[in-house]
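A short write-up of the structure that comes next.
The values are calculated or read from the model by the stated rules, or taken from the named source; none is laboratory data. Since the model is a prediction, treat every value here as computed from it, not as a measurement. Neighbour counts are summed over all protein chains in view; Cβ atoms, including those assigned to glycine, are modelled from backbone coordinates with ideal geometry.
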Amino acid sequence: MNSKSHTYRIGDFQAGDATVGIHVFNRFLPFSKAAVLLVVVFSQWINCAFAQKITVSFDNAPLKAVIAELGDKSGYTFLYDQQYLKTANPVTLAVKDQPILTILEQVFANQPFVFQVLDKMITIKAKSPGRQQNPAEAPQRKSVSGKVTDSIGEPLASVTVRVEGKNKGTVTDRGGRFALDDVEDGSILIISIIGSVSRKVAISRQEMHIVLQRDFSTLDEVVVVGFGTQKKVNLTGAVSSVSSDVLENRPVTNISQALQGVVPNLNVTVGSGQPNAFANYNIRGATSMSLHNDNNNPRWLVDNGSPLILVDNIEMENFNFSALNPNDIDNISVIKDASASAIYGARAAYGVILVTTKKGKAGQSTVAYAGDIQWNRPSSRPNFMDAYTAEYAHIMSRVYTGGTMTTEDEQRLEGIRRFQANPIPENAWMYVPGTNEQSITWVGDYNPYDLIVKDWAPIQKHNVSLSGGTEALRYYGSFGYQDQDGFYNYRNDNMKRYNGMLNVDAKVNTWFNIAFKLNYNATNYHEPLPYAWKGSVWPVLLYQRLWNVNQPVWTGPTDPIPNAPTNSIVSAYANSGRYADTKRSVAIFTASPEFIITKDIKLKADISYRPSTYDYKNVEPEYRYIFESWQAETIGTFTNTGSIWDTKESVRLLTNNIYLDFNKRIDRHQIAGIVGFNQEVWNLEQLQAYNQGIISLGAPTLGNTYGDNRSIDERDEHWAVRGGFLRLNYNYADKYIVEMNGRYDGSSRFPSANRFKFFPSFSGGWRISEEPFFKGNIRNWIDNLKIRASYGAIGNQNVANYGFYPTMVAERANYLIDGARPYKISPPGLVNPNFTWETATTINGGLDLTLLKGRVDLSLDVYQRKTTDIIMAGATYPAVLGADPPTQNSGALQTNGWELSLGYKDRTQTGFNYDFRFVLSDYTSKVLEFRGNDNNSLSSLYSGMQVGEIWGYETDRILQAEDIQNNLITRYTGENNINLHRPHEYSGAYFPGDIMYKDRNGDGRVDRGSNTLDDHGDLMVIGNSTPRLSFGLTSNFSYKGFDLSLFFQGIGKRDVWIGDMTWRGDIDGSGNWDVYNQSWTPERTNAKYPMYNGRRSQNWLPQTAYLFDGRYLRLKQAILGYTVPFDKTSAIGIQRLRFTVSGFNIFEITKLPRVYDPDLLDANYPQMRSLALGVQVRF
């Protein structure tokens, strides 16, 4: 026997005299102490069980009794046939402090059996006739090598080749070759790789050729769930998974771009295309309601809250998640229903995104490099009018509404024509007539987008990884770098991202494993800005025509003040010198010990520290520019002597998880469970400071300012959660599956009396395909058919900190006392000491179906999620109270939806591989109860409201001249001068070219009544802005070394009302050809749009005629790759060499105006449209 082949394990452990008692005196005892105590206790416990030497004494004892005692004392499991023991000889033996193997050799010396120690078990077999076991005898051994290919002869790399029953194996190289030394003659090789059918092959020769067939079955697919994994076929909750193939080596700059449209009902929204923008994630629609303060206009809105995002079981915010390197991710699980997410408790009320990073694999070290160069351009941009047409449209709008064209108008038009004919700086301006050359007006013709927006902006990405190791020690390390330029000229906005990761997994001995993880991500974003009064660049470009279109970036060299900045947004961006630097960083340090108590029970822990930093600095120097005069004293000065705003923030998160994992199978019964404890403590420290008066721009620090208007603000916040969690799972014959999840959770965000609550969930599944009646022909084409259902309730702790405390705010008053602004303290508001958890209750039903040997798979879920006890405003009190009413648990919201995933994959006999995946999802949400709006005003939420409702008027037609008696331009009225077809709140005159609205309630006027649900006048629900029928279609094709991947994504139903004047024709803006060419004029009375004047607001109230169809289909990604044959690259030491050309946001089919990206639906910094060239090399 080879003494090196054994492994130890713990068997049935008897604690003997050792007793341990742990008493928690306070539920808020710091868990770090408890964690250390538990680890020490279990370590000592386990050390007792793993004694290397044992003492036994037998006197003519039956072999069965001997085996039982040896198993108890050594921890080994014995496998044998009961019939063998009938012929066993009794055992007489006395040994003291001897190794188990020495004892076994003596026990079996005179027995008709042989034993073998393999994989933590001792197997007893009958001896071959006439042969006695010689423990020192070694079978004949040899070296074996070979090649593994697919069915058409293509070599397969990374195939695992191991010797059955032995701790010996290897993996194939890029050419499909493998080699093993010192293998027993007659051994069985097990050849396996994901995606192919595993084979067992007896060693018959030294050189072997093994063919693997493609495996389309997904029955053995494993999915990551809370604190563990489960076979996909045994899942009873709603869980979707994404593999690394979807994420790595894609033409995307962050994870959100790769995930959008891939997982049904995972809603990924990005508010901007800026390089440092991060996405918001939502699972299954509306979650809660909260008060938003938009432009000092507080109002209640329905939230699409974020799920809990965990990276290797450690929480991470959206912005830090976006900074992860997609190439470092192994898989992502999206947990959607309460039954699966309940184990995470209060922060997982609206789902969980579980991210698992890559680990090393045993085998030869591998170095891999992936890099690409990418060129980006805006996915959308406005269709600007030229300066003359925009000026003429502005003038004619005045003419159509009772005005006239003035001499100054004609002179401006003439000036613009002169510049268009000869675009030199001297022609870009003219003196205003009658001002004695004191004032100037600008008459140039510049397209600000052509000036400031690049045709293509570059990105470069580089990723290097090193992985490998042995069975005892595996490692994965990587470094990533991304350098992304923005779309702007002159002063470029730029983001740099740095990623580093090191994962080490160590198998210390047979009973103890430990993993260490270090993950670091940092982003630095440099953003040039115009001076503060201008606002953001991209939307401002659409307005201020007299500045942005008519003014150059600089005055001309022969102008009265040459080469000076102007007031155009492009000039302000190029010359102001203002900038903002945003730096973020996050690191995760995690130690994950694992104690193998028995083969069925493991004790695991995650002890993690996650520090993150945020640093924002805005520096605005003094800025002077030419505006409306060449007089030196009229040169504008803004921001006085400059200013600096600095914010520094530090966040620390301590996470401790400790849990027992149990999994036992007895015959057809499988029982599994997890019982654990979690505590997390979050702390934020933030310091903000502002001052004016920069002494030197060479040292732009707050210490280098001299202003008296200083501002300093400091925040120090924290929260903590603590909970015990469990999961119990019972599986009978892989046919009937029931599961219970629960968590007793406590949060510091609630009063102590209402801080803890238990949240349970239950789920079950029935694999109909495993029933006896499910046989015959139907079983030949249906591989798996399962129905499942779940119910769960989870608390939501994502509410404000300290909401149950009366708080006072200290600040400087806006008045003077004795010439100085005193400090004041605002009185505290009313608080409700009894508010507690919001609760999200989810009911889910699902069906999973696999057909044709795994070629077709389908998953369908239907769900209802109801959020109750939403913390919001309470009852309405009289104004004499002098304070806002306290918040209370009063709101309720319900979301209903469904989701579908359908896939097909196959391979032709010629080796052409193809697969398709189609996902489709839908949801609607309704406000069940909302207090604080007793009148059911339409300007706020109200009970019974369908989320996303768009209220508006029904369009009648465009008013024509013949509609007015005697063709006079007067108000359009009926008898008794009653306004018939325009909103009553607008008292101005109506003219031909204006919109007429329908009097739907027949009261002789068009109005919104009291603007309430009971009295809304002529208003009606004209549409719904909720994105419905979200879909994605992924298709992959490969043949020989070529591969092609296409990904389409879109929305199947959505109504969009565009209230932005940019689109509808802002006469003071840069104009819009699309609307202008279809606008009403006296010569074009059958036009689609009213007279061209986006600021004539009575024509642009929400209405049926101009409600847009927001559906779209977009080719999100296309990747064409070529892998160089291995026999061409192996000579230079390259295992794999692949080249790619790819595109992102390649085209879209939409009915929306071209100025809007269908994902963003606003005129902010747009998304990118990209072309990339890439290379992936593995050594």
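Here is how the numbers come out for the structure above:
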quantity: Given (1) modelled with pLDDT under 90; (2) within 21 Å of residue 1175 (Cα to Cα), index of the condition residue 492 fails; calculated: (2)
quantity: Filter result for the condition that a residue is in contact with a Phe, Trp or Tyr (Cβ under 7 Å, 6 or more places away or on another chain) and within 27 Å of residue 933 (Cα to Cα), over 301, 291, 308; calculated: 291
quantity: Residue count, region 189-215 (criterion: more than 30 Å from residue 852 (Cα to Cα) and under 47 Å from the mean Cα position of the chain (by Cα)); calculated: 1
quantity: Single residue of 1127, 1109 found to be surrounded by fewer than 18 Cβ atoms within 10 Å (Cβ to Cβ), within 31 Å of the chain's Cα centre (by Cα) and not hydrophobic (A, V, I, L, M, F, W, C); calculated: 1109
quantity: Candidate set: region 546-566, residues that are out of contact with any Ser or Thr (no Cβ under 6 Å at 6 or more places or on another chain) and outside any loop (DSSP other than H, G, I, E, B); chosen: the one modelled with the lowest pLDDT; calculated: 546
quantity: Which numbered condition residue 862 fails, given (1) modelled with pLDDT under 75; (2) surrounded by 14 or more Cβ atoms within 10 Å (Cβ to Cβ); calculated: (1)
quantity: Scan of region 521-545 for residues that are in contact (Cβ under 8 Å) with a residue 60 or more places away in the chain and either assigned to a helix (DSSP H, G or I) or surrounded by fewer than 16 Cβ atoms within 10 Å (Cβ to Cβ) (or both), ordered by number; calculated: 532, 533, 536, 537, 538, 539, 545
quantity: Some residue of region 695-702 being over 30 Å from residue 230 (Cβ atoms), hydroxyl-bearing (Ser, Thr, Tyr) and either in a loop (DSSP other than H, G, I, E, B) or modelled with pLDDT of 95 or more (or both); calculated: yes
quantity: Candidates 443, 432, 453 - the one that is touching a strand residue (DSSP E or B) at 6+ places or on another chain (Cβ under 6 Å), under 21 Å from residue 573 (Cα atoms) and among the hydrophobic types (A, V, I, L, M, F, W, C); calculated: 443
quantity: Test for residue 942: is it among the hydroxyl-bearing types (Ser, Thr, Tyr), modelled with pLDDT under 90 and part of a loop (DSSP other than H, G, I, E, B); calculated: no
quantity: Test: residue in region 1151-1168 that is over 23 Å from residue 377 (Cα atoms), out of contact with any strand residue (DSSP E or B) (no Cβ under 9 Å at 6 or more places or on another chain), modelled with pLDDT under 95 and of a type in the set (D, E, K, R); calculated: no
quantity: Selected residue (only one of 917, 907, 931 is modelled with pLDDT of 90 or more and of a type in the set (D, E, K, R)); calculated: 917
quantity: Region 812-852: number of residues that are of a type in the set (Gly, Ala, Ser) and farther than 30 Å from residue 767 by Cα; calculated: 5
quantity: One residue from 377, 398 being in a strand (DSSP E or B), at pLDDT 90 or above and within 52 Å of the chain's Cα centre (by Cα); calculated: 377
quantity: Residues located in region 391-429, provided they are without any contact (Cβ under 8 Å) to a residue 60 or more places away in the chain and polar (S, T, N, Q); calculated: 404, 406, 407, 411, 420, 422, 427
quantity: Residues (surrounded by 14 or more Cβ atoms within 10 Å (Cβ to Cβ) and either free of Cβ contacts under 8 Å to residues at least 60 places away in the same chain or part of a strand (DSSP E or B) (or both)) located in region 432-457; calculated: 432, 440, 441, 442, 453, 457
quantity: Residue that is nearest to residue 1109 (Cα to Cα) [pool: residues in region 952-979 that are crowded, with 18+ Cβ neighbours inside 10 Å and either modelled with pLDDT under 65 or of a type outside the set (Ser, Thr, Tyr) (or both)]; calculated: 952
quantity: Meets criteria (surrounded by fewer than 17 Cβ atoms within 10 Å (Cβ to Cβ), farther than 30 Å from residue 550 by Cα and small (Gly, Ala, Ser)) for residue 1170; calculated: no
quantity: Residue check, residue 242 buried (at least 21 other Cβ atoms within 10 Å of the Cβ) and in contact with a strand residue (DSSP E or B) (Cβ under 7 Å, 6 or more places away or on another chain); calculated: no
quantity: Selection count, region 1012-1052, where residues are among the charged types (D, E, K, R) and over 30 Å from residue 998 (Cα atoms); calculated: 2
quantity: Any hit, region 256-276, residues being farther than 30 Å from residue 1113 by Cα and modelled with pLDDT of 85 or more; calculated: no
quantity: Hits in region 649-695 - residues which are of a type in the set (D, E, K, R), more than 15 Å from residue 728 (Cα to Cα) and out of contact with any Lys or Arg (no Cβ under 9 Å at 6 or more places or on another chain); calculated: 667
quantity: Any hit, region 626-633, residues being of a type outside the set (S, T, N, Q) and without any contact (Cβ under 8 Å) to a residue 40 or more places away in the chain; calculated: yes
quantity: Residues that are surrounded by fewer than 24 Cβ atoms within 10 Å (Cβ to Cβ) and in contact (Cβ under 8 Å) with a residue 12 or more places away in the chain, drawn from region 547-564; calculated: 547, 552, 553, 554, 555, 556, 557, 558, 559, 560, 561, 564
quantity: Single condition residue 481 does not satisfy, out of (1) under 30 Å from residue 553 (Cα atoms); (2) without any contact (Cβ under 8 Å) to a residue 24 or more places away in the chain; calculated: (1)
quantity: Residues satisfying the stated conditions in region 872-904, i.e. hydrophobic (A, V, I, L, M, F, W, C) and at pLDDT 85 or above; calculated: 892, 893, 898, 900, 902
quantity: Residues being more than 22 Å from residue 228 (Cα to Cα) and surrounded by fewer than 19 Cβ atoms within 10 Å (Cβ to Cβ) - total across region 581-615; calculated: 9
quantity: Helices (runs of 4 or more DSSP H) wholly inside region 248-351 that include at least 3 residues being closer than 30 Å to residue 480 by Cβ; calculated: 255-259, 318-322
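Quick grid of which residues meet (1) modelled with pLDDT under 90; (2) among the hydrophobic types (A, V, I, L, M, F, W, C); (3) surrounded by 21 or more Cβ atoms within 10 Å (Cβ to Cβ); (4) under 27 Å from the mean Cα position of the chain (by Cα):
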{"position": "1027", "(1), (2), (3), (4)": "no, no, yes, yes"}
{"position": "1033", "(1), (2), (3), (4)": "no, yes, no, yes"}
{"position": "1038", "(1), (2), (3), (4)": "no, no, no, no"}
{"position": "1041", "(1), (2), (3), (4)": "yes, no, no, no"}
{"position": "1045", "(1), (2), (3), (4)": "no, no, no, yes"}
{"position": "1054", "(1), (2), (3), (4)": "no, no, yes, yes"}
{"position": "1066", "(1), (2), (3), (4)": "yes, no, yes, no"}
{"position": "1070", "(1), (2), (3), (4)": "yes, no, yes, no"}
